[in-house]
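Beneath this line is the structure, given in structure tokens, with notes to follow.
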Amino acid sequence: MPFSTQNSNNTSLKSLVPERRWLRSEHLKDLWAFVENQQDFRIESIGHSEEGRDLKVIRWGKGPKRIFAWTQMHGNEPTATLACADLIQDLIADPNVKALESQIEVALILMLNPDGAERFQRRNALGIDLNRDAVARCSAEIKAYFSFLEAFKPHWAFNLHDQRNIFSAGATVQCATLSFLAPSADEERSIKLERKVSMQMIAAIHQKLEGSLSGHFGRYSDEFYPRALGDNLMKLGIPNILFEAGHFPGDRFRRKARELNYRGLKEALNLVATDAWELIDPALYHLIPENKSHLRDLIFRDLQFGNCRLDLALMEQEVANKESGELEIKYRIDDIGDLSHLQGIQEYKGGILAFEGDFNQDALVNGRIQSEREFVFKHGYLQEH
């Protein structure tokens, strides 16, 4: 039977994790209860965060080919955690996936940065970016991560993130809903074996997914970052692949990116198990459009402001409200002037812009735009959208 990315049982399975953008440790309790009650899974504590939250790894499969994946290295990037919750159910419910159990072993860390997740912030409790701690290894989370990695000795690694809304799939107006990267191991961006096979794997996954959301896949620039995790895994000889879940218009909870993450990981399990990635030309990796950063969430064009006509760009911000435990969506000014080099995911044309007092982009301003309807700024944020 050919491998399928769609599990017919999936619709009958309860979601293990609530659909939230602010996803914290407490929201994983149903997932852990599910995993603990399944004999196919093994759970191992690998350490604790800086604030003492448990870091656990889920292991599945008994095969010789080892796959290691992790989510929420940045605490405010939850899409892959939701996707992995979907995948976890398939590991026991989809017969096509279960058939791989004797060929692969999967190790999965959900929420590598629980302290950052608690605050809905990128960095950990000490303000350390875990994705830039691969050399110093001073954070508790990265110490635990490398201790497990060195014992597990993965053949493949998947580094799962979210990306900002600014990224387009190449020089288009299409949002990059899922982006990939085979990181470089040196300044020369050499293509040694571990990087070459990572390119082949990405190209193989992209081939499987492209038809479902054509034009919304991107590839990150491959400059070398000496402190970054993926770059250092390449230096250690471990093939590794970066997934970056991105925006799609009108998709507040990144459901499309979640689905692509889930399907991409599911395809990766099969590709590793069957070695089908070996048939892929690595040159296909470079045909995936390289991400550009020219998108903005909202652009007002051709506004009258004093004696000038100009453009105004705004970006969405997800702001954690600690009292309610929910995120508030706010729009803050990103740039003003001639913004012809940018594209708005949503745009308005014409109108009059007025601010109280002198305008300063970095200040918390009050003002209004009279366009197709009235838009009001209060304390630096757009009040109506």
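The values are calculated or read from the model by the stated rules, or taken from the named source; none is laboratory data. What you are looking at is a predicted structure, and each value in this text was computed from that prediction instead of being measured. Note: ideal-geometry Cβ built from the backbone for every residue, glycine included; neighbour counts use all protein chains shown. To get the accessible areas, we keep the full protein, side chains included, count just its heavy atoms, and leave off ligands, DNA and RNA. Shrake-Rupley method; radii C 1.70, N 1.55, O 1.52, S 1.80 Å.
Placing unit charges on the Cβ atoms of the charged side chains and taking the dipole of the chain about its Cα centre, the candidate lying farthest along the positive direction among Pro154, Trp70, Tyr381 is Pro154. Can you list, bin by bin at 10 Å, the percent of alpha carbon pairs in segment 99-240, starting at 0? The percentages, shortest bin first, are 10, 34, 38, 17, 1. Under the rule a/c < 1.5 gives rounded, and otherwise a/b versus b/c splits prolate from oblate, where does segment 123-179 land using the Cα gyration tensor? Verdict is oblate for segment 123-179.
When a 1.4 Å probe is rolled over the protein heavy atoms, the share of accessible surface on the chain that falls to carbon and sulfur comes to 48 percent. Remark: segment 147-300 carries a charge dipole of roughly 500 debye about the Cα centre, counting +1 on each Lys and Arg Cβ and -1 on each Asp and Glu Cβ. Cα gyration tensor of segment 180-304, axes a ≥ b ≥ c as square roots of the eigenvalues: rounded (a/c below 1.5), prolate (a/b > b/c) or oblate? Oblate. Note: the chain, Cα convex hull, 153 Å³ per residue.
Relative contact order for segment 332-382: 34 percent, from Cα pairs under 8 Å spaced at least 6 residues apart, divided by residue count.
The P(r) of segment 310-385 has a tail past 15 Å containing 59 percent of all C-alpha pairs.
Ranked by solvent-accessible area (1.4 Å probe, protein heavy atoms only, all chains present), the residues Thr172, Thr71 order from largest to smallest as Thr172, Thr71.
Dipole of the chain computed with +1 at Lys/Arg Cβ and -1 at Asp/Glu Cβ about the Cα centre; of Asn366, Leu295, Ser15, farthest Cα towards the positive end is Ser15. By DSSP, the beta bridges lying fully in the chain are antiparallel in about 65 percent of cases. Here the simple spin-label model places points 7 Å from the Cα toward Cβ, and for Asp358 and Asp335 these points are separated by 2.4 nm. Based on the convex hull around the alpha carbon atoms, segment 145-215 presents an average projected area of 6.6 nm². Of the whole protein surface, Tyr348 contributes about 20 Å² of accessible area at a 1.4 Å probe radius. Taking a ≥ b ≥ c as the square roots of the Cα gyration tensor eigenvalues, with a/c under 1.5 meaning rounded and otherwise prolate when a/b beats b/c, else oblate, which class fits segment 239-333? Because a/c hits 1.5 or more and a/b fails to exceed b/c, segment 239-333 counts as oblate. What segment 157-297 shows is 37 Å² of accessible area per residue, with the surface traced by a 1.4 Å probe over protein heavy atoms. Note on exposure: His74, His379 ranked by accessible area (1.4 Å probe, complete protein assembly) read His379, His74, with the most exposed listed first. Working note: 222 nm ellipticity from helices only, DSSP H runs with n ≥ 4, each -39,500 (n - 2.57), summed and divided by the residues of the chain, gives -7000 deg cm²/dmol to the nearest 500. Normalised by the number of residues in segment 179-274, the mean separation of alpha-carbon contacts (under 8 Å, six or more apart) gives a relative contact order of 39 percent.
About its Cα centre, the dipole of the chain is roughly 600 debye, where the only charges are +1 on Lys and Arg Cβ and -1 on Asp and Glu Cβ.
Based on C-alpha pairs under 8 angstrom that are at least 6 apart in sequence, the chain has a relative contact order of 15 percent.
When the chain is described by a simple charge dipole with +1 on each Lys and Arg Cβ and -1 on each Asp and Glu Cβ, the residue from Leu353, Ala268, Gln103 located farthest towards its positive end is Gln103.
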